[in-house]
Structures are given as C-alpha cells and as structure tokens.
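Throughout, read-outs are computed from the coordinates displayed, never taken from laboratory work. Computed from a predicted model, the values in this text were never measured in an experiment. Cβ atoms come from the backbone with ideal geometry, glycine included; neighbour counts cover every protein chain shown.
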Amino acid sequence: MVVLRDVSKVFKTGKTRVTAVDAVDLTVRRGEIFAIIGYSGAGKSTLVRLINGLEPVTSGTLTVDGRTISGASESELRSVRTDIGMIFQQFNLMNSKTVAGNVAFPLKVAGWPRERRAARVKELLEFVGLESKAKNYPDQLSGGQKQRVGIARALATQPNLLLADESTSALDPETTEEVLRLLTRVNKELGITVVVITHEMDVVSTIADRVAVMEEGRVVEEGPVYDVFSNPRTAPARRFVSTAVKTLPTGDAAAKLKRRHPGYLVNVEIKDQTPVGSVLSHIGQRGVSFNIVQGGLETLQGRTYGTLTLELTGEITAIDAVVEQLKTVTTVKEVRA
Ligand SMILES: Nc1ncnc2c1ncn2[C@@H]1O[C@H](COP(=O)(O)OP(=O)(O)OP(=O)(O)O)[C@@H](O)[C@H]1O
C-alpha cells in the first residue's frame with residue numbers, strides 16, 4: 001500500500017542541513033494498522049508529509065497504492081491526496097463551520113453535488129456517532145468529539161489510506177481509547193489501511209498490527225507489534241517497553257529494592273508459554289523459596305510479555321542451581337544496584 005525505498009529527506013536552512021528522514025525502507029501492507037513510533041524529533045511527521053506528498057523526497061522512491069509520489073507533479077499529487085485521509089493532533093477543524101459543514105468541505109472541494117454531499121455527511125456522522133451534533137460548531141464539542149469529526153472529514157472522499165498524526169496526543173486516556181476504537185472500526189469495517197504516528201506505546205499496543213520504531217530519521221526496528229516489543233533490540237524500543245511494563249530495575253530503583261529485599265534478586269522475562277511457573281513450583285525441593293517483589297505483564301496482540309523480579313532465598317549453591325534452571329526456559333538477569 002505504501003512502499004518507501006531508501007527514502008531520505010534533508011532540510012537545508014542556510015548552512016545547516018537536517019536529515020529528518022534517513023534512508024528509510026518501509027512497507028505498509030494493504031488492510032493493516034501500521035504504527036510509526038518515536039520520540040520527538042525522530043522524523044515521524046516528516047515521514048507522513050512525504051507519504052501524502054506535502055514535502056518532496058530528497059532521494060529514494062515512494063509509492064502509495066501503486067502510484068509514485070516521489071517526483072510526481074502537483075496535479076498528480078492532488079489526485080493521490082484524494083485517496084489519502086489525514087487526521088491531526090489539534091484536529092484542524094474550521095471553527096466558523098458547523099460539524100456538517102466541516103465534513104462536507106472536502107466533498108465540496110472534490111465537486112460532489114449538494115444532494116450527494118448531504119447524504120454522505122449523514123452517513124459519515126452516523127458512522128462516528130455524531131449525527132446529533134451536525135449543526136453544532138467545533139468549539140461546542142469535547143476533544144474526543146472533535147477528533148471524531150476529524151475522522152469523518154478524513155473519510156469523506158472514501159480514501160484507501162488514513163494517516164493519523166499524533167491523533168490522540170491531546171486527549172485523556174478514556175477519550176484516547178474511544179478514538180482508537182473508532183480507528184479500529186475504520187480499519188476493520190471499511191477496510192481502510194491506517195498509519196498511526198505516535199510517541200505513545202499504549203496507542204501501538206492497543207491497535208497496531210505492525211510497528212516501525214524511528215530514531216534520528218532512521219527506522220531502527222520494524223515488525224509485528226508483539227515481536228518488536230516482547231524482544232526489543234534497540235534503546236528506543238526498550239524505552240517504550242519500559243513505559244508499559246516494569247523492566248529490569250537499575251540504579252536507584254534497584255538499590256531501594258535490594259534494601260527492602262535482602263535475598264538474591266533476579267529479573268525473569270515472561271513471554272507467552274514461558275514455563276517459569278513450572279520451574280518455580282519445584283524450587284522448594286532444593287530448599288529455595290521465592291517472593292515476587294516487582295513486575296509487570298501486558299498483553300499484546302493477545303499474547304503475554306513482561307518481566308517479574310523475584311527474591312530467592314536459601315543456600316547460595318541451591319539458588320545458583322535454580323537460576324541455571326530458570327535460564328533454560330527464559331532470560332534471567334541479576335538485579336544490580
Ligand atoms: N521544515 C523543516 N525545516 C527544517 N527542519 C525541519 C523541518 N521539519 C522538520 N525538521 C527537522 O527534522 C527533524 C524531524 O522532525 P519531525 O517533526 O519529523 O519529527 P517528529 O518525530 O515528528 O517529532 P515531533 O513529534 O516533535 O513533531 C527535526 O530535527 C526537525 O527539527
């Protein structure tokens with residue numbers, strides 16, 4: 001659906017050059033929800049602006065739905081853009097127009113006749129659950145309602161692709177969930193491919209099928225959400241995981257934990273089907289006991305991942321034997337202050 005091959009974007013201001021997107025290879029498949037996650041300045045927004053042709057690529061090739069964006073003329077880009085819907089963090093609604101007027105606007109621009117426009121607006125407002133607000137103005141709506149109007153407007157011209165740039169970053173957790181549920185319906189019920197740009201791990205774990213992690217303009221990890229976050233290989237991916245679940249305690253956190261729990265502290269990784277429980281159920285036979293002192297488990301795509309920190313007490317040689325046994329079923333790390 002969206003294919004980037006060796007795509008770079010360099011901004012030049014005076015003598016400074018900023019490589020906002022650096023040699024990115026990426027494929028978003030038709031019908032999936034694909035997330036691009038990264039911290040501020042990683043290049044996510046620039047990547048979106050390349051995909052919808054708002055910025056030209058500096059090098060590389062970019063195609064959307066088989067049509068080449070890189071090097072396309074402005075009129076070709078206009079036609080591609082009608083197949084791409086876009087929603088924004090600040091909603092970008094027109095305050096002087098009613099909800100219905102906002103949703104109708106792209107249809108007007110695309111030259112739809114009045115009657116078809118009215119029918120389409122009604123259908124869209126029903127889909128996002130805002131038919132009763134058609135005559136209201138944006139400033140009479142909550143943030144979540146505004147974003148639902150944004151989604152209705154983005155879907156007006158029946159795009160194949162929806163780009164959501166930090167679409168929930170201005171919303172509280174409950175409203176975020178409501179908007180994410182709507183994006184999932186857009187994907188599942190309407191068959192629209194959705195690309196979500198975010199700096200929030202929760203957004204990715206709630207709705208995405210696959211994820212790309214960006215850092216300094218590069219895609220540093222990419223794959224199914226479970227694979228990337230249950231086994232993060234790069235520093236930014238590990239940092240995102242640690243915002244969702246408690247990972248190996250280090251520094252002060254580890255020192256405090258060790259003061260409270262004088263036994264031998266180990267952190268064990270838990271994944272789907274990891275038989276840590278069956279190892280622990282037998283350690284009493286070695287004279288070792290365990291205490292769960294900290295941890296966090298999450299479900300991603302219906303599968304478990306996370307870590308538990310265990311305090312092991314008993315004879316040191318017996319503890320060593322238990323740690324060796326745990327190592328045969330999972331990754332085990334000693335907690336060090
Ligand atoms: N028009 C521009 N001119 C010059 N530099 C730019 C321009 N747009 C973006 N940049 C730079 O490119 C880099 C990536 O910015 P971008 O906005 O794409 O990151 P981001 O991951 O979306 O971050 P944020 O979430 O803060 O917007 C930054 O260093 C930014 O300063």
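Side notes on the structure shown:
- Mean residue ellipticity (222 nm) of the chain, computed from DSSP H runs ≥ 4 via -39,500 (n - 2.57), nearest 500: -10500 deg cm²/dmol
- GNM top mover of 313, 98, 58 - the chain, alpha-carbon springs below 10 Å: 313
- The Cβ shell under 14 Å around residue 187 holds other residues with a net charge of +3, Lys and Arg each +1, Asp and Glu each -1.
- Of the residues 17, 239, the one with the fewest other Cβ atoms within 10 Å heads the list, and the complete ranking is 17, 239.
- Relative contact order for the chain, counting Cα pairs under 8 Å that sit 6 or more residues apart, in percent: 17
- The stretch 237-336: GluC sites (Glu not before Pro) in DSSP loop, at most 14 other beta carbons within 10 Å: 315
- Shown for 146, 135: other C-beta atoms within 10 Å of each C-beta, ranked fewest to most, produce the order 135, 146.
- Residues listed by number, the stretch 25-69, amide nitrogen under 13 Å from residue 17 label point at 7 Å toward C-beta: 58-59
- Cβ-based net charge around residue 305, under 11 Å, with every Lys or Arg adding one and every Asp or Glu removing one: -2
- Relative to the dominant Cα principal axis of the chain, helix 316-327 is inclined by about 30°.
- Shape box of the stretch 257-327 [Cα atoms, principal axes, largest first, Å]: 40, 26, 15
- Pairwise Cα inverse-distance average, inverted: Kirkwood Rh of the chain (Å): 22.5
- Inter-centroid distance (Cα atoms) of the stretch 73-96 relative to the stretch 168-222, Å: 19
- Near residue 258: Cβ cut-off under 12 Å, other residues only, Lys/Arg at +1 and Asp/Glu at -1. The net charge is +1.
- Unit charges at the beta carbon, dipole of the chain: most positive-side option, 7, 312, 207: 7
- Highest-fluctuation residue, 15, 258, 122 considered, GNM on the chain with Cα pairs under 10 Å: 15
- Comparing mean-square fluctuations of 16, 184, 168 from a GNM of the chain with C-alpha springs under 10 Å, the top value falls on 16.
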